[in-house]
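The values are calculated or read from the model by the stated rules, or taken from the named source; none is laboratory data. These figures come from a predicted structure and were not determined experimentally. Virtual Cβ from ideal backbone geometry, glycine too; neighbours counted across all protein chains shown. Areas reflect the complete protein model, heavy atoms only, side chains present, ligands, DNA and RNA absent. Shrake-Rupley method; radii C 1.70, N 1.55, O 1.52, S 1.80 Å.
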Amino acid sequence: MTKNFAPPSIAAFPQNFVWGVATSAFQIEGAATQDGKGPSIWDDFCRRPGAIADASDGNIACEHYQRWQDDLDLVASLGVDAYRFSVSWPRVRPGGTGAWNEKGLDFYERMVDGLLARGIRPYLTLNHWDLPSELQSQGGWAVRDTVHRFVEYAQGIDRRMGDRLATITTHNEPWVMAVLGYEQGIFAPGLKSRAAAMQASHHLLLSHGMALQALRSQGSKARLGIVLNLSPVQSATDTEADRAQAHLEDGRLLRWYMDPLFTGSYPQDVLDFLGEDAPAVRDGDLQAIQTPMDFMGVNYYSRSVVSAQGPWDTKQSGLALTDMGWEVYPEGLTELLVRMHTDYQVPPLYVTENGGAFKDQLVDGKVHDADRTDYIARHINAVAHAMSQGVRMEGYMVWSLLDNFEWASGYAKRFGIVHVDYATQKRTPKDSALWYAAMLHARKQQWAQGGGPVPVAADSNVAVAGA
Ligand code: IFM
């Protein structure tokens, strides 16, 4: 059993704080062409020579499409309150427009009902990057028509299952889709145009706002929001050049999304930097983007350090690094959450993703991933610190439930708290999963006993499926 990692200040979290685990469709489902699913930009991108580090794809992934019931049992055995997952747009509407695929819709509807039957709240994301290929062939997020197709898609999902969803997230990490996908070309669709990237980012934000309006006007029962990937951006040195570069990066990563969502304008310094690459914005767009949200999610992994001299080498900081080469920097999460709360009128916040890839070893049916447990425990404490400074937090979700397809890194990077043997598809909860389950179990006991902190015992014996 796991050793006792500084139990998060468990008393700092209210009883209704939502604890969860997260996944996304393309990364776990597989069944790339089954039951009428259409192709997505990630199916296409995986076929590009050199695009994916291990030349893998999402065709099989974790076979979640076939194994979803067992996977939901696993989720339930962790004792979480919520499961965050995404719908594959091309599985439910293969061309992105036109006919809907009943089998795809049934799959997600069964999953939502399966979660509710297990007492778990469904947190559904509409767009976790797998845009239907057919829409990409018409320009993808760089063209305005995709905004309207997305709104129809959101309405269709809400009509079908919105009455049973806790939340609907429009987009997961628009910065990643726009900048890595359209500007740097290292993610799907693999384009290299700053102008296209910025237009895509505007259309993602606009489609978010318009979808919220459309869902509200059809009476959606789900709480609505968006998820951004954010980090505090720090200057490598105190030189003016580094500080200016860090300010610009902060503008491109954080203010480019937070300002329009909460203040109704794009940051002027970034617009000046973009010049002709700035997006075309029509009258009314910024108003739509500002449509109030019920919650907002933040995905946090590390800080970003910026130097005017070029990319910062994370090895020079002396901080522990994950297998992605990302610094372990929980203080950054507190800093970020406090800033969001201070600088913007944010709705209640969630950490919708947090976790780490580490070099796991499966030995005798166990994975002793102390580094991951330590990472998670320290970040949960960072959330508690933010809450003690007045930040309204509603939940925390570990990324990820399962080892899965880590995009351009393929299957080599393992983020799961549950190990997946890709040859057999066997799931083995790692020590981090057992620790998380023990922590949640201790919390439930704590509340059953009327509150008061209960330490997470080193030898807690909580039954997790497959352990
Ligand atoms: O795996 C991804 C996820 O799809 C989006 N957020 C970051 C994770 C780790 O890179």
Study note, to complete from the structure: By accessible area (1.4 Å), largest first, Ile186, Ile168 order as Ile186, Ile168
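Using heavy-atom solvent-accessible surface (probe 1.4 Å) with all chains present, what is the largest-first order of Trp447, Trp256? Kindly include the intermediate steps, with their values, before the conclusion.
Values: Trp447 75, Trp256 0 Å².
Listed by decreasing accessible area, they come as Trp447, Trp256.
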Point to revise | Solvent-accessible surface ranking, highest first, for Thr314, Thr169, Thr237 at 1.4 angstrom | key: Thr237, Thr314, Thr169
Point to revise | Cα shape, the range 302-368, gyration tensor, a/c 1.5 rule | key: oblate
Check your understanding: So how far apart, in nm, are the two label points at His247 and Ala53 if each is 7 Å from Cα heading toward Cβ?
Key -> 3.5
Revision key, fill the gap. Taking r as the C-beta separation of Asp343 and Asp277 and R0 as 25 Å, the FRET efficiency to the nearest 0.05 is 0.50
Study note, to complete from the structure: In the chain, whole DSSP H helices that both stretch 24 Å or further along their axis by alpha carbon positions and average at least -1.0 on the Kyte-Doolittle scale are 145-161, 194-217, 370-388, 431-448
Review point. Under a plain spin-label model, where a point goes 7 Å from the Cα along Cα-to-Cβ, how far apart in nm are Met324 and Ile60?
Key: 2.5
Exercise for review: Can you tell me the alpha carbon radius of gyration of the chain divided by the globular rule-of-thumb value 2.2 N^0.38 Å?
Suggested key: 0.93
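For Glu240 and Ser317 in the same chain, what is the full-extension length gain: residue separation times 0.36 nm, less their Cα-Cα distance, in nm? All intermediate terms of the calculation are to be shown ahead of the outcome.
Working: separation 77, 0.36 × 77 = 27.72 nm, distance 2.03 nm.
Result for the pair: 25.7 nm of gain on full extension.
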Check your understanding: To the nearest 10 square angstrom, how much accessible area does His203 have with a 1.4 angstrom probe?
Key -> 10
Exercise for review: Could you compute the FRET efficiency for Glu109 and Ala11, with r as their C-beta to C-beta distance and R0 at 25 Å, rounded to 0.05?
Suggested key: 0.05
Point to revise | Under 5 Å, built H, 5+ apart or other chain: amide partners of Met393 | key: Leu349
Review point. How big is the gap, in Å, between the Cα center of the range 236-269 and the Cα center of the range 318-391?
Key: 23
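If R0 is 51 Å, what FRET efficiency do you get for Lys221 and Gln309 from their C-beta distance, rounded to 0.05?
Values: r = 52 Å, r/R0 = 1.01.
Once the sixth-power term is evaluated, E becomes 0.50.
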Review point. Roughly speaking, what is the centre-to-centre gap between the range 22-87 and the range 206-224 when only Cα atoms are used, to the nearest Å?
Key: 26
